[in-house]
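Input: a single structure, listed below in structure tokens.
The values are calculated or read from the model by the stated rules, or taken from the named source; none is laboratory data. Predicted model only: the values in this text are computed from it and were never measured. No Cβ is skipped: glycine too gets one built from the backbone with ideal geometry, and neighbour counts run over all protein chains shown.
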């Protein structure tokens, strides 16, 4: 491989970028500036500037940067989709290059927290405060005079780490899933008004009032807003979505099969149960029965008109559910919201049933988790597992499921 050296325009350090694709964004280990690997035919052979002056650069360098900016902006690549997290090369290639001063420096420090922060700042400007010492999470909080930001970020950190610990215990360790690597973004707006404004600008519409937070699959981030009336369960729920999606992306299988609604929302609602012990949040599925009354009412209705048969529930994808919900909000918002609550409740109960009812039901869930994480889930795959581990057809499983619900308190 041909040795290719480039010089940081900020601090003058030289580095070997052999084998690294042009356009990759990396952080200089000398001055921490975010740089972009230039094209091989670029003149002069150095990095393009991709962000404003870095605060760490001394005043003496600043004057020289004025000329450098003019040169490198000419080579600036076209902007990507707003808000998208840029792809950055993972450096496993040549070793460090000795700088002209004689000291050995690593090629570059690939900082995933800074990459995610850069993407948020590109989308929103400098309106958020950040916390990066919460495990794999990067918390971005929109400040307000209504609360003390550091204390609030500590609270959000505790909630997120509670989800991660419980998820690893419930699913990660039994299924031998690898540890979660940074950085998982969590965007916290300072009010419902700010939350609504974001979706109006993005989608030209508000979220339904009942929706107090979402997980954005395309941007891999949780989006919530802070309000004393927003329950802790919202962050726990969306945090579970983020972790499931993380493991699907880890296997690079998102395009094979769309996620099933009952699995995604069932896992999310399963993680809504918690208790506070000594001021800390601890996951407890035995307490996540808040949706049970809704489901029991659907079961005792004449003809069970609101109950969703398993034949329908296990075949619905996430996209199909949200298409149905959004259309219904335009025509019959009250009925649609009521039925959606049953979908959520039944998805929670079905996960609870598979996890807690005993026998080989947990084997069905764990095997199906692996299929969802591999992009191979769906109704036929689930039915095969039910036959294999339980010797039942879906209609027979539904009878057991209803009896289980009736026995819950």
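Which residue, of 233, 238, is in contact with a strand residue (DSSP E or B) (Cβ under 8 Å, 6 or more places away or on another chain), assigned to a helix (DSSP H, G or I), surrounded by 14 or more Cβ atoms within 10 Å (Cβ to Cβ) and at pLDDT below 90? Exactly one residue qualifies, and that residue is 233. Against the criterion of being assigned to a loop (DSSP other than H, G, I, E, B) and either under 16 Å from the mean Cα position of the chain (by Cα) or not assigned by TED's automatic domain parsing to the domain that holds residue 333 (or both), residue 177 qualifies.
Screening 355, 327, 338 for residues that are in a helix (DSSP H, G or I), outside the structural domain of residue 176 (by TED's automatic domain parsing) and free of Cβ contacts under 8 Å to residues at least 12 places away in the same chain leaves exactly one candidate, 327. Check whether at least one residue in segment 190-209 is outside the structural domain of residue 269 (by TED's automatic domain parsing), touching a strand residue (DSSP E or B) at 6+ places or on another chain (Cβ under 7 Å) and within 17 Å of residue 241 (Cα to Cα), and report yes or no. Checking segment 190-209: not a single residue is outside the structural domain of residue 269 (by TED's automatic domain parsing), touching a strand residue (DSSP E or B) at 6+ places or on another chain (Cβ under 7 Å) and within 17 Å of residue 241 (Cα to Cα).
Scanning segment 358-379 for residues that are within 26 Å of the chain's Cα centre (by Cα) and not in a loop (DSSP other than H, G, I, E, B) turns up 362, 364, 365, 366, 367, 368, 369, 370, 371, 372, 373, 379. Remark: residue 171 falls outside the filter, which requires a residue to be part of a helix (DSSP H, G or I), over 11 Å from the mean Cα position of the chain (by Cα) and under 24 Å from residue 119 (Cα atoms).
As for segment 156-166, it holds no residue that is assigned to a loop (DSSP other than H, G, I, E, B) and out of contact with any helix residue (DSSP H, G or I) (no Cβ under 8 Å at 6 or more places or on another chain). Criterion applied to 403, 298, 395, 349 was being under 25 Å from the mean Cα position of the chain (by Cα), in a helix (DSSP H, G or I) and either surrounded by fewer than 13 Cβ atoms within 10 Å (Cβ to Cβ) or modelled with pLDDT under 95 (or both), and the one residue passing it is 349.
Please verify whether residue 367 is closer than 23 Å to residue 247 by Cβ and in the same structural domain as residue 263 (by TED's automatic domain parsing), treating the condition exactly as stated. I'd like the intermediate steps shown before the answer.
Values: closer than 23 Å to residue 247 by Cβ: yes; in the same structural domain as residue 263 (by TED's automatic domain parsing): yes.
Spelling it out, residue 367 is indeed closer than 23 Å to residue 247 by Cβ and in the same structural domain as residue 263 (by TED's automatic domain parsing).
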